[in-house]
Each structure stands twice: as structure tokens, then as C-alpha cells.
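What follows is one structure encoded as C-alpha cells, with my remarks underneath.
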Amino acid sequence: MEESEIPEEIKDFLAPGEKVLCALKQRMIALEKPKHIIVTDKRVIYLDRKLLGRYEIIDFPYRRLKDVWFRFGKFGSKFILERVVELEWLKKDGALEVLNAIRKALQAVAVEPVSIEKRKKLIGEEWFIRKPMEVISRAVITPRGEPEEDIAEKLRKLKTLLDEGLITKEEYEEKRKELLSKL
């Protein structure tokens with residue numbers, strides 16, 4: 001990807017070492033400024049330039065991106081990312097390149113296989129790419145007392161020591177309470 005094709009607002013937004021894989025600019029519509037979709041090796045970035053130098057940037061890291069909908073027809077194509085961003089009037093070839101880059105990136109980060117639906121229409125196609133909800137849980141290691149079996153065995157030995165007269169009743173009760181508190 002050539003440096004000149006990347007909008008200035010995005011150059012400042014990229015993380016160090018983040019590579020742009022492809023970028024797509026919306027065709028001009030009336031008085032609106034063109035919107036952009038940029039695919040990097042870490043995320044998808046949406047740039048909405050507004051009048052008077054204002055703009056909005058929304059990024060979708062691949063680990064959190066779940067739904068991508070894409071349609072192309074005779075006159076153009078449309079992207080919807082996470083039901084949040086809609087981008088219309090895109091060039092078909094560039095849109096397919098963006099779609100394939102997103103699909104490959106999602107497949108690379110997903111633990112489970114990515115779901116892909118493709119529907120051939122009379123004029124054009126629709127694609128739905130869905131990354132399954134992934135639940136990752138961490139195992140928390142907590143310090144544990146002695147296993148219950150060991151404590152039961154120690155209580156038996158303690159009782160034997162009492163019965164044989166090797167310890168006093170008070171020593172027995174004190175140690176027994178201490179062992180039982182570990183349960």
C-alpha cells in the first residue's frame with residue numbers, strides 16, 4: 001500500500017509498526033466528503049470526513065469485530081461493520097479486496113472457524129462474515145489448604161496419640177480444632 005493513498009488523519013492514528021493492508025475511498029456523493037475504510041494488520045478503521053475540517057474515526061480491532069455485511073451490485077457496493085458503520089458507493093474491485101483482507105484477518109485471530117455466507121443475487125452478491133462469540137476464561141489459582149483426606153488421616157493419628165496417652169486431652173482438643181479449621 002502506497003503511503004500517499006493513506007489519509008493524513010489515519011497516518012496519525014496508526015500504532016507504531018501497524019501496517020496498512022488496503023484502503024478504500026468512497027465515491028463522491030453530492031456535498032459530502034468521501035468516507036474511507038482502511039484495513040490494517042490489527043484492525044479495520046473507518047474514517048468519516050466532515051465539512052469544515054472535522055472528522056470521525058471508528059476502529060474495530062479484529063478480536064472484537066464480529067459481523068461484516070457486504071453487498072455489491074451493478075452500480076456499486078455497500079459495507080456494514082458491526083451494524084454501526086455503513087459505507088456505500090464503493091468501487092467493486094476495491095471493496096472485494098477489503099472484504100478478503102478482513103476475512104483473512106478474522107480467520108487468523110478467531111479461535112473457532114469464522115462463518116461465511118455468500119448469496120448470489122440476480123445482479124450482484126451478498127456476503128455475511130460472522131466471527132463466533134468466543135468465551136475465554138482464566139484459571140485463577142488460589143492457595144488451598146491441605147487435602148481433606150490428609151486432615152482426616154491426621155485426626156485419626158491424633159486420636160491414636162490421645163488413646164495411647166502420648167498427648168493430653170487439652171493438647172488433643174487444641175490440635176483437633178486447628179485441623180478442623182483447615183477444612
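Read-outs throughout are calculated quantities, based only on the coordinates presented, and are distinct from any laboratory measurement. This is a predicted model, so every value here is computed, not measured.
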Whole-Hz couplings from phi, Karplus 6.51/-1.76/1.60, listed for the range 121-126; x for Gly and Pro: 9, 4, 10, x, 9, 10
Potential lengthening between PHE75 and LEU122 on full extension [0.36 nm per residue; Cα-Cα distance subtracted]: 15.6 nm
Largest to smallest principal axis extent of the C-alpha atoms in the chain, angstrom: 100, 41, 25
Relative contact order for the chain, counting Cα pairs under 8 Å that sit 6 or more residues apart, in percent: 14 percent
Given LYS50/LYS131; LYS42/LYS121; LYS19/LYS104; LYS74/LYS131, the pairs whose alpha carbons are separated by over 24 Å: LYS50/LYS131; LYS42/LYS121; LYS74/LYS131
q = 0.16, 0.21, 0.24, 0.25 Å⁻¹: log10 I(q)/I(0) that the Debye formula gives for the range 41-95, counting C-alpha atoms only: -0.56, -0.88, -1.03, -1.06
